[in-house]
Amino acid sequence: MPVCFDIGGTNIRSGWPDEVGIVQIAGQRATPGDSLADFLATMVDMVQQAPAAQQDFVAISIAGFADPQTGALTIANIPCLKGENLAGLLEARLNMPVVVVNDADCLALAETYAGAAKGAANVFAIVLGTGVGGGLVLNGELVVGVGGISGEWGHGPIVDPTAGGRVESLGYFQCGCGQKGCLDTVGGARGIENVHNALHNAERNAEQILDAWRAGDEAAALSVEVSTEMVARALSAFVNMLGPESIPVGGGLAHAKDLIALIDQKVRGMVLTTYELPLVVPAHNLKNAGLVGAAFINPTSGRPNKVRGVS
Ligand SMILES: [Zn+2]
């Protein structure tokens, strides 16, 4: 069984599956962001605190991408790991296999095997947090693409700045990936804020905009309509391409069940097939997706593109 890690810019959390596969948080340390030596020492220490029976391999969920060929990490919020082969460095110190998987991909594994999409073969799990991300399971297996990229529907300049003619034009917002017009700039919490600011010249945070929408505020309602329309239009094309049985939503906006229901209603009205039941649904693993998903990473392939079979 694995020692599981969820590594973010602020904290490193560890845990391991119990006899029924549930992962609880067992350890938590501040992330040493600037020193690779400190980072590795912290990880080794946390692994050694796990029961010996768990120490078959290390499964890591991280807010970045590991190149499947070289292990080199693309990561924004932990500077000391940029370009490093984290799996290789840890394997040399721990003498056990280490697998590193993107956190949205771990959400997809968690929801497929222990969440809202349990029993489904094809799952596109999406993240609506500060930005927009996603992870893809096809035929029960995590898809890990070239350079570790897959499921990243938030990037690529696809946005229609009129939201299907609902507004004259929002223009294009600059994205962190370097392009303008990515869904990431209009779809997550920051995206709703961008849209609201552009439409109404009013700076409010996403939570305030959603609360105003619920209270019947017309300006907020237009912002929510425009943002969800853009998300649904993009998502409908992915539904037609992938044929998913479920689209669980993680990230901070997943708590806004009414917002997710609105996106679901729009998407189901745009796709080629008929979904009788909600397709876009809140994920079940909203707090622990990284740890729970990491428990379903298969270590034997040496590459994070196979998941352990679960009956
Ligand atoms: Zn982008």
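For the chain, give the share of DSSP beta bridges that are antiparallel, in percent and rounded to the nearest 5; count only bridges with both residues there.
Bridges in the chain are about 60 percent antiparallel.
If the viscosity is 0.692 mPa s and the temperature 37 °C, what Stokes-Einstein diffusion coefficient in µm²/s follows for the stretch 36-179 when Rh is the Kirkwood radius over Cα pairs?
Details: Rh = 17.3 Å.
The calculation lands on 190 µm²/s.
Give me Rg/Rg_expected for the stretch 119-282, where Rg uses Cα atoms only and Rg_expected = 2.2 N^0.38 Å with N residues. Don't jump to the answer; show the numbers that get you there.
Details: Rg = 15.2 Å, N = 164, 2.2 N^0.38 = 15.3 Å.
Relative to the rule-of-thumb radius for its length, the stretch 119-282 sits at 1.00.
Percent of alpha carbon pairs in the chain separated by more than 37 Å?
Within the chain, distances greater than 37 Å cover 17 percent of Cα pairs.
For the stretch 26-152, give the magnitude of the charge dipole about the Cα centre (Cβ charges: +1 Lys/Arg, -1 Asp/Glu; no others), in debye to the nearest 20.
140 debye
Using the 2.2 N^0.38 Å rule of thumb for compact globular proteins, work out how the stretch 1-117 stacks up: its C-alpha Rg over that value, please. Before the final figure, lay out the partial values.
Values: Rg = 13.5 Å, N = 117, 2.2 N^0.38 = 13.4 Å.
For the stretch 1-117, the normalised Cα radius of gyration comes out at 1.00.
Determine ³J(HN,Hα), in whole Hz, for all residues of the stretch 45-50 in sequence, where each value follows from phi through the Karplus function 6.51 cos²θ - 1.76 cosθ + 1.60 and θ = phi - 60°; x replaces Gly and Pro.
So the J values, rounded to whole Hz, are 4, 5, 5, 5, 7, 6.
Cβ under 12 Å from Asn85's Cβ, Asn85 left aside: what net charge do those residues give with Lys, Arg +1 and Asp, Glu -1?
Result for the neighbourhood of Asn85: -2.
Considering every pair of different Cα atoms, what Kirkwood radius, in Å, is found for the stretch 48-104?
Computed over the stretch 48-104, the radius equals 11.9 Å.
Take the chain, connect every pair of alpha-carbon atoms lying under 10 Å apart with a spring to form a Gaussian network, then pick out the residue of Thr273, Thr31, Thr42 with the largest mean-square fluctuation.
Result for the chain, Cα springs under 10 Å: Thr273 fluctuates most.
Read-outs: derived from the displayed coordinates by stated rules, not from any lab. Since the model is a prediction, treat every value here as computed from it, not as a measurement. Virtual Cβ from ideal backbone geometry, glycine too; neighbours counted across all protein chains shown.
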